[in-house]
Every structure is written in structure tokens, then in C-alpha cells.
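Where a number appears in this text, it was derived from the coordinates with a stated rule and is not lab data. Computed from a prediction, not measured in an experiment: that's the story for all the values here. Cβ atoms come from the backbone with ideal geometry, glycine included; neighbour counts cover every protein chain shown.
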Amino acid sequence: MVYNMYTSNNNDYNDILSFINYCISCLNNSDKTESILSEILKIFKADEAVFLSPNGSYDGVNLAGSFARCKDNSYLLKYADCFWRYDPLYYTQFCTTSDNLVFKTDDIIPYSQMVELDYYKSFLKPQNLLSELIIRLYSGGSTFGAISLQRYQEHSCFETKDVLKASLLVPYLVNIFEIADGIANINKERILLERWMESHLGGIILLDSEIRPIYINIKARHFCQLLKGIDEKSPFNVMNMETVLPRIIVQDCKKLALSNEASIPLPSHNNRIVGIKNKTRYYLQYFPVALSSAEQTAPDFVVLLSELTRDNRSAEEILTEQQKLSQREEDISRYVSLGLTNKQIAEKLFISPYTVQNHLKNIFQKTGLDSRTKLANIMKYPNNLSF
């Protein structure tokens, strides 16, 4: 291995093994700043350490994502403000290739030239710094950042063995930052999704493959508590979500899950109209979400709830909007409410009784109703149906 290119000792091996174990422990809490820099400072006997996060266009530093372990943190602000432009190591540490993942100052510019630069005189010398070791955190075309280890001028400069030693640690460091960034992105997406669901006009319930609640927004909680006769002022939290979930929703989802396990063609969604004791009616839509995992045998579910009696619209308007009935289905529903048979409806619409029957099947599927009587009732008395 490349590590054998220089004479190593037990301390070097112990440093590497200790840091690898530390990286593994960090995977559980995605810690990627102060504590990691502290450990690296010890391993490389450095005096200061900085984690620099690039901005999106790689022409500066993302100060919010950067962190320093040094005597004077104000220099990090100065570097991000202007000195990065004059740093002879900047473009190498943030290049978008996998070359030079670890390098030291004199790999890029000799010390004799470095001390002549205004960058050294104005930025490094006031901090008593000269020797620098850069560890680039690069993977899959993305640069997560760069760790800069620095030693004071009175101490020895970084050597080739430090570069080789750091090279062995790069994969473990990258692993920490990849996982940490992934967790951060997931959390951002989750927060945005929850905000959207809470602001949604209707109720939303998310269920896992075991028909256990994952998330219930405020409007859905209100519906569930009404249906189960629970006081609306009762506290609601994750611990009692399963208790609040109405049995009818559990049963509907289980039917869809069983249909899937039996290889029966699974509908894109299933619908039902539910009446509450206070005569309020809700329209429930079930959307099974088939997961890609080969081990997944049951779908997860999204349940959408809409209140049907929140305004004074006619039954036809409610059915058309909420149940997505077509104009022909709306016409047939109206004739059913008048007591006409399939044959009579067919004559009025100039279609066959068989076509009327097919439309009725679609209407029943969309509304969750199971009889002409219930369809007639909801058309006649849209605000007083309870079943």
C-alpha cells in the first residue's frame, strides 16, 4: 500500500486506526465540524485547523458552512471576504477533479516564493503561519469542502509522510460529510413537505406498509377525532396517532393491501364518502404508493380528506369537483335521483342501457357509494346524508 512508502511507527498506525474508529462513531450523529477538526489537530500535530466550504460557483467561500479552530477566528471572515483571491492554494483545494486530494504548501509553491507574496505578508505572517496541509473532501464530482491544517513558523513544516497518512483518512472523512449532507437535505425536504401538508386545504394522512400513521396534519386530526367521538381539545401527539386513526381507514387500506398481495390489479386510488354525527360529510381518497424495494410486499398509503359540506354548492357541483365526475356521469346521477331506470336514462341520453350501467359503476367507484339509493340520497340531500 502507499502507506509503506515511508517509514511508519506504531504511533502512526494507532493514529489512523483511532481516527477511523472515530469516523465510524460520527456516522451516528453526522458530526462534521469542531470535533473532527479537534481530532485531526491531534493526529497531525497541527496548531490550527479550518474547514472551508466552497460556494456554489467555486469562486469564494461559503462562510456559513465554514469553521475554524484557531486563536483568532476573525481571520476566517477576512479570508472569506477577500484573501481567498490571493491564496496560491485556493484553486487546487477547490478544483473539481479527483487530483491532489491531499497536498502541502510546497507541493504548489516553494516556501521561498510564498514568503515573498503579499498574501503571506498580509494574511499568514500576522497569524505566525507558513506550513499548510490541505485535505480535500471530494467524491462523485462534488467537493464538500477542504480541511486546512496549519503549523506555526517555529514548528516543522508538513512532510510527505503527512500527505500519505492523510490520504488514508480521506475516504472516511468523505463518508462522514456525504452522510451528513444527505441527512441535512432529507431534513430540509421533510420540513418543506410537512409545511405544505399542514397548509393543505384538506386533510392528509400518511401510513406505512403496516397501516401505521406516519403523519397526520391538523385537518385530518380534526376529522379523525370527530369520527371517533374524541374531544377536539384532547392533546394530540405521535404517541396516540394510532389510537386516533379511525377503523374505517385502517380497513380500507388493508383491503387495498390484500388486493396487492393477491396480485389483483390495484386501482390508482379508492374513494369513500363518510358522514359524521354532526351531519358533516367527508370525501376520502386512498392512494397506495408502491415502493421499489424487492422486500416490500405491501404499499404505503396517502389518504386525502375533503369536507363536502363546507359551502352551499349544489350536489352536482360537489360531485363534479370532489369526485371528479364527468358531465355524462353527472347527468346520469341527476336522473338516478329522479328515480329513472337505466332504460329510461338511456332513452333520454340516446345511449344504451349497457353504457348507463358502465357509467354507474364508475360513479360508484369514484364516490365510494354502493347503491343507487345512496346516490339518489346524496343528490337530493347533500347536506344531510349520514352513513
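Put in order of Cβ neighbour count within 10 Å, fewest first, the listed residues Tyr286, Tyr111, Tyr120, Tyr354 become Tyr354, Tyr111, Tyr120, Tyr286.
Measuring against 18 Å, Cα to Cα, the residue pairs Lys219/Lys254; Lys125/Lys161; Lys219/Lys374; Lys45/Lys165 contain Lys219/Lys254; Lys125/Lys161; Lys219/Lys374 as the ones spanning a longer distance.
Here the residues Cys157, Cys253, Cys82, ranked from fewest to most Cβ neighbours within 10 Å of their Cβ, fall in the order Cys82, Cys157, Cys253.
Extension gain, Lys45 to Val289, is 82.5 nm, computed as 0.36 nm per intervening residue step minus the present C-alpha separation.
Taking a spot 7 Å from the Cα of Ala64 along the direction of its beta carbon, which residues of the range 136-152 have an amide N less than 17 Å from it? Those under the cut-off are 145.
Round to the nearest 0.05 the FRET efficiency obtained for Ser371 and Thr280 when R0 = 22 Å and r is the Cβ-Cβ distance.
0.50
You can think of it this way: the chain between Ile230 and Asp99 has 40.8 nm of extra reach, that is 0.36 nm per residue less the Cα-Cα gap. As an equivalent ellipsoid, the range 110-181 spans semi-axes of 28, 14, 10 angstrom, where each value is the square root of five times an eigenvalue of the C-alpha gyration tensor, largest first. With a simple spin-label model that places each label point 7 Å from the Cα along the Cα-to-Cβ direction, the separation between Leu17 and Ser142 comes to 3.3 nm. How high is the FRET efficiency between Val250 and Lys361 when r is their beta carbon distance and R₀ equals 35 Å, given to the nearest 0.05? After rounding, the FRET efficiency stands at 0.85.
A simple spin-label model places the labels of Leu258 and Glu154 8.2 nm from each other, with each point 7 Å out along Cα-to-Cβ.
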